[in-house]
Each structure stands twice: as structure tokens, then as C-alpha cells.
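Participant: The structure follows.
Computed from the coordinates by the stated procedures, all read-outs in this text should not be read as laboratory data. From a predicted model like this one, the values you see are computed outputs, not experimental measurements. Ideal geometry is used to build each Cβ from the backbone, glycine not excepted, and the neighbour counts take in all protein chains shown.
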Amino acid sequence: MTRKFADQIKPLEVAIVGCGRVARKHLRALTDNRRYLIPAALIDPNRMAAEELRDILPKKRVRELPYFASLGKYLASRVERQAGATREKADRFIVAINTPSSSHYELATEALAAGADLLIEKPITLVPSEGYKLIEMAAERRRLIATGHIYRYFPLVNEIREALGQGVWGRPLAAELSVCWGHSQAYYDQAAWRGTWSNDGGALMNQTVHALDLLCYLLDSPLVSVGGQIDRVAHDIEAEDIGMAIGHTAAGTMVKILGTTATSPQRKTAEFTLHCENGTVIAGICGKRPYFKIHSETSAGKRCRILAAQWRARRENGLGLMIRGWINPHTAIYTDLAKAIIRDMRKADGSYAGAASLADKSVEVRADALGAVQAVENILAIYASAKANGCVVSIPVQGFTMEEMCDYSFAEWR
């Protein structure tokens, strides 16, 4: 998509539902993407939370950003506002859902029914069947769903994925995944739903799900079986604050998983290591800084080529937006979603300027809804295995939901 075309498009309105911690990243990301997007509303039953969020905007923008106590009230006001306008077709707009996980499905269905495209924070839902219903509903209405799986937007991700797909380092044999994303008790105490089985889950569902999703994305192969254990060692919560598992992907790669929030909050790290036939790929984030290493006979040359490809791929957005996307991956998610919506709008009215082969393909975002549902299925499978004393289970575990964990006792397996 060229800048010239983007400048001809009216910025898409974005309503932020849920004004907690993560919403700050969303609002800053919208400011970074002001060429494509414009904040349209802050929605939260707690008006004070919305006011505090609005304070991060320049004063002249604050007056232009209305508050609503519910998504329904915002959607009703939008209908009234557009009723007097003369349009051949309805404007596209985005609803970003940042509320407790158990509320995602209800809010998403309400927004889709009103014609919105969606950005849903992870996990997309706590019940996989609900996620699949959202995918079907979006397809019926020709709307897009992006999810908050930010690791897919870290630097070099697509370049490493392409190299793995081309067999540059041979077949992936094994993968090690470690997420030590420490949180204090205060993190869980700030909201009653945090760390609960029915509304949130623990270290695996909230922190480790990012990295496990990225690993499956890089390998382009889903997990098909897993066996694991969980425990609660450092926090006063219902769910786990540490978990470990061993699994296999559909392509036969063995995966070792560690996820915990019990480590020091001062040093948050997430890292994966891919052991391939002819090399090893290491990537991760430490202190908010992504990094990667390649060990093979041609590692130096391949590393330079990957960096060059990354630079070329990012140049079209400009250096400033590229850097902001690295600092706040939500910026990159919104850029991706906005461009996908604009491409879809152009395809719908016959003005798509891409190659004919691309015009026939469906418009997608990198952090798609299907991958997000599969990520939830992976974590639920680890929970199901833990409840079965570590027995290996196939993925998906039919009929298993977070509610099954409400009676789980961490003393059972000791």
C-alpha cells in the first residue's frame, strides 16, 4: 500500500473498550498510527479509569475523545451520528477489547453485529468454541479480527519464519521455550479477576501464551499433543504461577515449555531456542529489548541477509513508525489491521491495485483469530494434562474449559 493511497483514506475510528493497563499501549499505538486511525471513544464502567487514560493525550485531543459507560451506548450513539449522513455504504470502524478475558466473547459478538472490525487482547476467549464462532461471524460479515499476540510483530519474526520454511537450517528437531515474566502480588491484587480460573488463568494462559503462539507461528505447525504440570509457589491466587510441559508439533518437532510469574519482576525474560539439523536459532526479549542469534556454518551471512530483509520490509512505513513499532508492538498490530481493512475496502469496491494473484486471496492480519484460538487450545491442553497428573493429551481436548480447573488442588500431584 502506498502512502499516496493511505493519505486519500479517511482515518478509521477506533473505540477502546476497557481502560486498564493495556489500554495505555493501545492509545499510544493509535497516536503512532494517526495517518490511518483516530481514537473515537473510551468505554469503561469506571469513568475514573477512562479519565486517567485520556490524560495521556495532548489537551486539545482530550476534548475530542468522548466517554461511554458501555459498548452498547457507544454503538447506539454511532448509529445516531451516522443516521444523518448520506453514504452509499457504512464506514468501517474498529472496536478494541481490553477487558477481562471472560467478557471478550460477549463484547466481540456485540461489536461484530454492529459492523465493527476487531482487535481483541489475548486470550481471544477462554472457550475455544466461542473463538471459532467469532471467526465464523466475522467471515459472514466480511470483517477482520486481529488479536493481541504482540510477539508476532517483533523485529525479524517473519524473516526467521521464512528462512525456517525454506529449510535454511534444515529440519527443526526440538524447541525450548522459557517465559520468566515475574509479577509481584500487587499485580494480581489490583483487580479481583486476575489469577482466577473463571476469568483469567495463570502464568501459562496470560504470559506464556504469547511465546508459545510465536513458536507455533515460526514453525508453521500447531501443537498436537502435550503433557505438563502446574504449581502455585509464590502468589496468593487461584491459578498457577508456574508451569512446565513437553509437547510435539504436527511436523514432529519436540517442544519444551516453561512459564512462570514467580521470578523477579525486575528481570522479565522470554526466550525460545530452535535446534535444527544444521543450526540453532535463538530469539527472545529481555528488559523490553528483542534479540536473536544464529549458530551455524553460515550464521554471519544469513544474519546479515535477515537484517537486510527486515530493513527493506519496514522502510515503507518510515523509520519513525518502524522504531515505534519495536518499542510498542501494539503500534505494529494497529498498522497491520488498518492496512488490511483498507485493502479489503479496496477489494470490495474493485479498486485493489495489487497483483491479480493477490487480489484473489483473502485479506488477513498476522496476529489472526485462528492462531489465537489455537493458542488457547494449547494452554487448555496443558491444564487438562496437569489435572490428569501429567498424562499426555491430544490437542484440542474436546469439551475442556477453564471451568474444569476451578476444583483443581495443587497438592494432588505431589
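Participant: Per 0.36 nm of contour for each residue apart, how much would the distance between Ser129 and Arg161 grow if the chain were fully extended, relative to their Cα-Cα spacing?
Facilitator: On the way: separation 32, 0.36 × 32 = 11.52 nm, distance 2.83 nm.
Full extension of this stretch gives 8.7 nm more.
Participant: Calculate one ³J(HN,Hα) per residue across the range 389-400 by plugging θ = phi - 60° into the Karplus curve 6.51 cos²θ - 1.76 cosθ + 1.60, and present them in order as whole Hz with x for glycine and proline.
Facilitator: 6, x, 5, 5, 10, 8, 10, x, 8, 4, x, 8
Participant: Now, a different point. Cross-link partners among aspartates and glutamates for Lys387, C-alpha distance below 13 Å, same-chain residues fewer than 8 apart left out?
Facilitator: Asp231, Glu240, Glu403, Glu404, Asp407, Glu412
Participant: Starting from the range 211-267, pick out the trypsin sites (Lys or Arg not before Pro) whose DSSP state is loop and whose Cβ has at most 12 other Cβ atoms within 10 Å. Present the calculation step by step, with values, prior to reporting the outcome.
Facilitator: On the way: sites: Arg232, Lys256, Arg267; in loops: Arg232, Arg267.
Of the trypsin sites (Lys or Arg not before Pro), the ones in loops of the range 211-267 whose Cβ has at most 12 other Cβ atoms within 10 Å are Arg267.
Participant: Ok, one more. Amide H neighbours of Gly202 under 5 Å, at least 5 residues apart or on other chains, H built in the peptide plane: list them.
Facilitator: Glu240
Participant: Using each residue's phi in the range 114-128, evaluate 6.51 cos²θ - 1.76 cosθ + 1.60 at θ = phi - 60° and report the 3J(HN,Hα) Karplus result to the nearest Hz, with x for Gly and Pro.
Facilitator: Once θ is set to phi - 60°, the couplings for the range 114-128 become 8, x, 7, 7, 10, 10, 10, 5, 6, x, 4, 8, 8, 10, x Hz.
Participant: Which value, in debye to the nearest 20, describes the size of the charge dipole of the range 180-299 about its Cα centre when Lys and Arg Cβ atoms bear +1, Asp and Glu Cβ atoms bear -1, and nothing else is charged?
Facilitator: That gives a dipole near 360 debye.
Participant: Size of the dipole of the range 43-176 about the Cα centre, Lys and Arg at +1 and Asp and Glu at -1 on the beta carbon, nothing else charged, in debye to 20?
Facilitator: Using only the charged Cβ atoms, the result is roughly 460 debye.
Participant: Kindly write out, for the range 136-153 in residue order, the coupling ³J(HN,Hα) from the Karplus curve 6.51 cos²θ - 1.76 cosθ + 1.60 (θ = phi - 60°), rounded to whole Hz, with x marking Gly and Pro.
Facilitator: Result, ordered by residue: 5, 5, 5, 5, 4, 9, 6, 10, 10, 10, 9, 10, x, 7, 5, 4, 5, 9 Hz.
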